[in-house]
Each structure stands twice: as C-alpha cells, then as structure tokens.
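> Take a look at this one; I'll ask things after.
None of the figures in this text is laboratory data; all of them are computed from the coordinates on show. It should be emphasised that the depicted structure is a prediction, and the values quoted were computed from it without experimental measurement. Backbone-built Cβ (ideal geometry, glycine too); neighbour counts: all protein chains shown.
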Amino acid sequence: GAGVSQTPSNKVTEKGKYVELRCDPISGHTALYWYRQSLGQGPEFLIYFQGTGAADDSGLPNDRFFAVRPEGSVSTLKIQRTERGDSAVYLCASSQGTIYNEQFFGPGTRLTVL
Amino acid sequence: SQQGEEDPQALSIQEGENATMNCSYKTSINNLQWYRQNSGRGLVHLILIRSNEREKHSGRLRVTLDTSKKSSSLLITASRAADTASYFCATSRNSGGSNYKLTFGKGTLLTVNP
C-alpha cells in the first residue's frame, strides 16, 4: 500500500511569505505527527493529531505555525511570515495507534526561506 | 530538546564488518525505536523495543536495551554498502501521557565502504 506522502518535496520562499505544507498519511492511520529537522540534527516534534483534533501542539515554536487536519486524514502545516530560521526539512508521520505503534514517516518537505 | 544521544557521531567500516551504534537517554521510556535516514530525507523504521524487553532481532539487526543504564545499542551484522545512512534512536517517554511523542538523538552517520 501507499506510504506517507508529502507535497511539495521542496519549497523555496522569501522571508515574510506564507507557506503551506501538505501531508497524506497512510490510509486508516488515526494518529498524525509533524516533526522538523534542521541540518545535522535529529527530528524535533512539532504537533500530534488524534483524528481531527490537535492533541498536543506543544512543539510548535511560535504562533506563526499552525496545523489542521479537518477530516481526520490529510493535514496541512501552515507557516505565516516565514523567517530564515524556519528553513528545515518538515517531516510528517502517521501511526495506527500510539504507544507501541511505529510511526511511518514521509519523505519530507525541504523548506528554504531566502 | 534532544533526549537521546547516539555514539559515535560517525562510523566508517568495510563491507562485511559489523557496525555497532549506541544510544543513551535521560528519562524513563515506554519504548525505543531505531530509524535509518538516507540523504537527509524520510526516515525508515527499523525496529521497536519495549521498555520491558532486553533484546530484539530483525534480519541482520540486533537491538539491546538496558533501562538501568538508560542505553540501547544497534548492531548491524555483515554490513553492506547499501547500509550507508544516518541512524537515529528515538524514545517514547513514560510520563504525563505523552507516550506518542518521539524524541530523537542527533544520529550516527554510518559509512560502509565497498
């Protein structure tokens, strides 16, 4: 079956612009996660959805970042007024359950803010 | 913040040799997972070990977990050039109901020379 997909694979934008990053989880997975990975670092947790609701958004760095999952499947990560420090690879993952369920990652979106 | 820390940061071996990577973490965990990442993009899940398990095998992979020392090791036997990648450990914490949240280390860059 299809894995987690993310679009676009690369996004270049200018400082101050608005961007949307999309994630299509594995069909039937109720849990969805967003992580951010900077160069030379491991991924860092941003937000977790269980169904349609954001169960934990404690990893979002500030209020310029927002994510939605309106129908409990596809999710969109939205970044307003982008800054150069937002440049990173944004990874999405999904899982059937949580505690003992492996998270399946998508290929990521590489965001570059000029 | 990064909970896990892999050691060594980089490892270079010859094809056919075994590769051992270590991971240390700070707080009590529900489970620990190892992931592989090629070229800074999507992570591939390798193996999950629960906190009440001490050792797991999957093909050429062997993972151990020592909760008293808060450490884990990943052994890849009979390495191949295709094993060249970054390897990350990720922990799921056992506190505050946040067992879904994976905390990654910085990774070990493994190079297998043909």
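> For the stretch A:6-29, give me the residue count where each residue is in a strand (DSSP E or B) and under 17 Å from A:Thr82 (Cβ atoms).
Looking only at that region, the number is 8.
> Moving on. State yes or no: is A:Leu32 among the aliphatic types (A, V, I, L, M) and either facing chain B (nearest Cβ under 8 Å) or assigned to a loop (DSSP other than H, G, I, E, B) (or both)?
Against the criterion (among the aliphatic types (A, V, I, L, M) and either facing chain B (nearest Cβ under 8 Å) or assigned to a loop (DSSP other than H, G, I, E, B) (or both)), A:Leu32 does not qualify.
> Looking at the stretch A:77-114, which of its residues are in contact with a helix residue (DSSP H, G or I) (Cβ under 8 Å, 6 or more places away or on another chain) and either surrounded by 13 or more Cβ atoms within 10 Å (Cβ to Cβ) or within 14 Å of chain B (Cβ to nearest Cβ) (or both)?
Within the stretch A:77-114, A:Ile79, A:Leu111, A:Val113 qualify.
> Could we say that A:Phe65 is within 14 Å of chain B (Cβ to nearest Cβ) and either free of Cβ contacts under 8 Å to residues at least 40 places away in the same chain or not β-branched (Val, Ile, Thr) (or both) here?
So A:Phe65 does not fit the description; no.
> Now, a different point. If a residue must be more than 11 Å from the chain's Cα centre (by Cα) and either within 19 Å of B:Thr27 (Cβ to Cβ) or among the aliphatic types (A, V, I, L, M) (or both), how many such residues does the stretch B:55-76 contain?
Matching residues across the stretch B:55-76 total 5.
For (1) part of a loop (DSSP other than H, G, I, E, B); (2) over 27 Å from B:Trp34 (Cβ atoms); (3) without any contact (Cβ under 8 Å) to a residue 12 or more places away in the chain, each residue gets a yes or a no:
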site: A:Gln41; (1), (2), (3): yes, no, yes
site: A:Phe45; (1), (2), (3): no, no, no
site: A:Tyr48; (1), (2), (3): no, no, no
site: A:Lys78; (1), (2), (3): no, yes, no
site: A:Thr82; (1), (2), (3): yes, yes, no
site: A:Gly97; (1), (2), (3): yes, no, no
site: A:Pro107; (1), (2), (3): yes, no, no
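> Take the residues of the stretch B:19-44 that are touching a Leu at 6+ places or on another chain (Cβ under 7 Å) and of a type in the set (S, T, N, Q): which is farthest from A:Gly97 (Cα to Cα)?
Per the stated criteria, the residue is B:Thr20.
> When the residues of the stretch A:35-45 are narrowed to those that are in contact with an Asp or Glu (Cβ under 9 Å, 6 or more places away or on another chain) and at the interface with chain B (Cβ under 7 Å from one of its Cβ atoms), which ends up nearest to A:Lys78 (Cα to Cα)?
A:Phe45
> Okay, next question. Looking only at the stretch B:72-86, count every residue that is buried (at least 19 other Cβ atoms within 10 Å of the Cβ) and among the hydrophobic types (A, V, I, L, M, F, W, C) and tell me the total.
Count: 3.
> A further question follows. Could you check the stretch A:23-39 and list, in sequence order, the residues that are in contact with a strand residue (DSSP E or B) (Cβ under 6 Å, 6 or more places away or on another chain) and either loosely packed, with under 15 Cβ neighbours inside 10 Å or free of Cβ contacts under 8 Å to residues at least 24 places away in the same chain (or both)?
Residue satisfying the conditions is A:Ser38 alone.
> Same structure, new question: Grab the strands (runs of 3 or more DSSP E) fully contained in the stretch B:1-68, keeping just those with 2 or more residues being surrounded by 15 or more Cβ atoms within 10 Å (Cβ to Cβ).
Qualifying strands (runs of 3 or more DSSP E): B:5-7, B:10-14, B:19-24, B:29-37, B:43-50, B:61-66.
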